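Worksheet: one structure, shown below.
Where a number appears in this text, it was derived from the coordinates with a stated rule and is not lab data. The model shown is predicted, which means the values in this text are computed figures rather than measured ones. Cβ sites come from the backbone with ideal geometry, for glycine too, and all protein chains shown count toward neighbours.
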């Protein structure tokens, strides 16, 4: 409970000083009696009392001297004085590192962002940090038919993404929405056009790689075709785009960069030395892999799937039997 008394409301009125030789004495004004307002306060670290598992405190200098005891559980504090929200958020995956013993995370950040007066961006960054996605793969025809019967797929096609109360279909629409939501779609219309061009080209390359697995009778011919087109048509474009920048478009990460990282990884799975004559793409790969979330995603056992094999092709043909 906090109480305060409001300052006089007329304190801003100007004093008028008569131009006289005599000494002027001012009679002080008495402040009127004003009501006392009550404000409720909350201990931002109170969730630590409720958790039965280990806890982690991550934040700026405000958490420097925070110490808590949870009986048999442990509390770890990680303080980054002067850090802005994006800098603290980047540390979170590395600190947690998939530790299942952690039941509560207290995050204190944003104080050092206030002076920038970008509150909407700050709120969006907070939402992005706590958003999580669950990936579900169709392995049976019945799963696909249930989605059809539920009316979940507008054009009776996958992929399908449920996000923000919507059921999004069509790959381009999905990627554009996610890129826009997570600030991966450029700063203006021109940058978005460039991002689209790079991404569409990369999608063409990835389609070539994927479809080669579904034509085993011409597999070797198709793989050779992928290698030739990658070296002559696609990779030179990306090498040129990265000549003077760490990113394909503008001065920040975009979905075009994420696309290129995945496509280049797919190419190396087929042709391990294919990037040997493309040093800019190699350097780009290393920088991208060093980003905390991407680094975690590329670790063994992550959600990233291996190249399509016979079992994968068989499952796809079973689930989408109407296409084969």
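Put simply, region 191-324 fits an ellipsoid with semi-axes of 27, 17, 15 Å; these come from the alpha carbon gyration tensor as the roots of five times its eigenvalues, largest first.
Computed from the C-beta positions of residue 189 and residue 233 and an R0 of 22 Å, the FRET efficiency is 0.25 to the nearest 0.05.
Each label point was placed 7 Å from the Cα along the Cα-to-Cβ direction; for residue 221 and residue 290 their separation is 4.5 nm. You can think of it this way: the chain between residue 324 and residue 77 has 83.4 nm of extra reach, that is 0.36 nm per residue less the Cα-Cα gap.
Full extension of the segment from residue 210 to residue 147, taken as 0.36 nm per residue of separation minus the current Cα-Cα distance, would add 20.3 nm. Take 74-80, 303-309 and order them by the average number of nearby Cβ atoms within 10 Å per residue, most first; the result is 74-80, 303-309. With the simple spin-label model, which puts each label point 7 Å out from Cα in the Cβ direction, the residue 136 to residue 90 separation comes to 3.5 nm.
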